[in-house]
Amino acid sequence: MNSKPSISYTAYMQRAIASLKAEERFGTAHIYFYALRSYTGFVGGGEVYFGALNRQALKRYEAYLLERSHSWNTVSTYVGALRAVYNRAVDEEVIAGDYRLFSNVFTGVKVEKKRALRAEQMQQIVGRTLSDTRHRPDDPRRLPDGTRSLSDRTRSLPDAAGRLPAGARSARDLLTLMLLLQGMPFVDLIHLRKEDIKEGDDGTCRLSSRRRKTGTALNVEVVPEALELINRYRSASPDSPYLLHFFDGMHSREAMYNEYRHRLRNLNYGLSQLSARCGLKGVRISSYTARHTWATLAKYCQVPEEIISEGLGHSSLKVTRTYLKSFEGGELARANRMVMACVFAGKKEVWTGT
């Protein structure tokens, strides 16, 4: 470093956090806060100066995190946050630094734990989530085999969980709902608005929204079982713009973000209780389980990856998306029903083309 900066790394990062909050980027601000707190703990507390960031120290910090049982992805998240702020200081000429300072520490992504459940494991989890709601014999929204609704199927499943605490019951409902909605992430589910759900002339119900993370469009057919769960958690407030009762729309964006974090912690705790009650030893269930399970089972049913990507609202198949048009809602609904048949009926339907 050629000159002494006029501001410490701590103060500069706190300024960056304040700027992110002003831009309502609360998720990134949250990561920066915990990354700074973690590195401050590593150096023994107090003010962190730019001089504390060097290759040797960063490598020791990586080892420090791993020794405390943090995952490689947590290492990547924290180091990535430290790097982003450091590089910003270089860009703004606060310091004369080295853009490659962080090149010897991990900032990638590792697939560490399998988050998807097998169909029979998901059966144990969802159990009797749904009530005894039957389709009419001529209902066009029946499953591919045309025999019974999902609710009829779940009535015959063993309720391995037995009597559940209220938090675990709510967690099971939400996990089921996310699965029924094409593996919708909890952050997208909780932010759904009343205007996002519409009933068509043919009696089918659809959700149209956008991913919070990527802005990618989501288009989901709401099967009756999903609608039943939506109604169970639907907002009763006429003043709230949100579909479900978790937000009232009366608070600041930062307060809403904090409420979302609180709800997410409660969901994951309830899912951990659920896993234990269902006897799934060593199986970690989280808010991502429905999403990963939906994708994995769709792949198991040989649904084309492009349709899986479309159903999940992914933007990862960039090359494919340069020439693929959006799939028709019927194709996505078909893929979703195949996953549901696999989970609730133990029946593998194989994609045979459109």
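The values are calculated or read from the model by the stated rules, or taken from the named source; none is laboratory data. These figures come from a predicted structure and were not determined experimentally. Here the Cβ is made from the backbone with ideal geometry for all residues, glycine too, and neighbour counts use every protein chain on show. Each accessible area value is taken on the protein alone, full model and side chains, heavy atoms only, with ligands, DNA and RNA left out. Shrake-Rupley method; radii C 1.70, N 1.55, O 1.52, S 1.80 Å.
Within the stretch 176-233, which strands (runs of 3 or more DSSP E) (wholly inside it) include 1 or more residues that are open to solvent by less than 20 Å² (accessible area, probe 1.4 Å)?
On the way: elements: 197-199, 205-210, 217-222.
Ranges flagged: 205-210, 217-222.
Please work out which residue is modelled with the lowest pLDDT, limiting yourself to the stretch 289-320 and to residues that are within 16 Å of ASN219 (Cβ to Cβ) and either of a type in the set (S, T, N, Q) or open to solvent by 10 Å² or more (accessible area, probe 1.4 Å) (or both).
Residue satisfying both the conditions and the ranking: SER315.
Please name all residue pairs, on different chains or six or more residues apart, with Cβ atoms under 8 Å, provided the first residue is in the stretch 244-268 and is without any contact (Cβ under 8 Å) to a residue 12 or more places away in the chain and among the hydrophobic types (A, V, I, L, M, F, W, C) and the second residue is crowded, with 18+ Cβ neighbours inside 10 Å and not in a helix (DSSP H, G or I).
Once the first residue is without any contact (Cβ under 8 Å) to a residue 12 or more places away in the chain and among the hydrophobic types (A, V, I, L, M, F, W, C) and sits in the stretch 244-268, its partners that are crowded, with 18+ Cβ neighbours inside 10 Å and not in a helix (DSSP H, G or I) give MET256/PHE247.
Being under 27 Å from the mean Cα position of the chain (by Cα), within 30 Å of ALA298 (Cα to Cα) and open to solvent by less than 50 Å² (accessible area, probe 1.4 Å) is true for just one of ALA29, ALA119. Which residue is that?
Working: ALA29 fails: within 30 Å of ALA298 (Cα to Cα).
Just one listed residue meets the conditions, ALA119.
Can you tell me which residue in the stretch 37-70 is farthest from ARG212 (Cα to Cα), limited to those that are open to solvent by less than 40 Å² (accessible area, probe 1.4 Å), out of contact with any Leu (no Cβ under 8 Å at 6 or more places or on another chain) and of a type outside the set (Gly, Ala, Ser)?
Selected residue: PHE50.
Could you grab me the full set of residues in the stretch 236-259 that are at pLDDT below 95 and either of a type in the set (Phe, Trp, Tyr) or surrounded by 18 or more Cβ atoms within 10 Å (Cβ to Cβ) (or both)?
Across the stretch 236-259, the qualifying residues are PHE246, PHE247, MET256, TYR257.
Just the residues that are open to solvent by less than 50 Å² (accessible area, probe 1.4 Å) and either more than 24 Å from VAL109 (Cβ to Cβ) or aliphatic (A, V, I, L, M) (or both), please, taken from the stretch 79-98.
We begin by selecting, within the stretch 79-98, every residue open to solvent by less than 50 Å² (accessible area, probe 1.4 Å); these are 79-82, 84-87, 89-90, 94-97.
Those that are open to solvent by less than 50 Å² (accessible area, probe 1.4 Å) and either more than 24 Å from VAL109 (Cβ to Cβ) or aliphatic (A, V, I, L, M) (or both): VAL79, ALA81, LEU82, ALA84, VAL85, ALA89, VAL90, VAL94, ILE95, ALA96, GLY97.
Could you say whether any residue in the stretch 259-267 is more than 27 Å from MET338 (Cα to Cα), in a helix (DSSP H, G or I) and over 15 Å from the mean Cα position of the chain (by Cα)? So that I can check it myself, show each step before the final result.
Filtering the stretch 259-267 down to residues more than 27 Å from MET338 (Cα to Cα) leaves 259-266.
The next check asks that each one be in a helix (DSSP H, G or I); those that pass are 259-266.
Now narrow it down to the ones that are over 15 Å from the mean Cα position of the chain (by Cα): 259.
Taking every residue of the stretch 259-267 in turn, at least one turns out to be more than 27 Å from MET338 (Cα to Cα), in a helix (DSSP H, G or I) and over 15 Å from the mean Cα position of the chain (by Cα).
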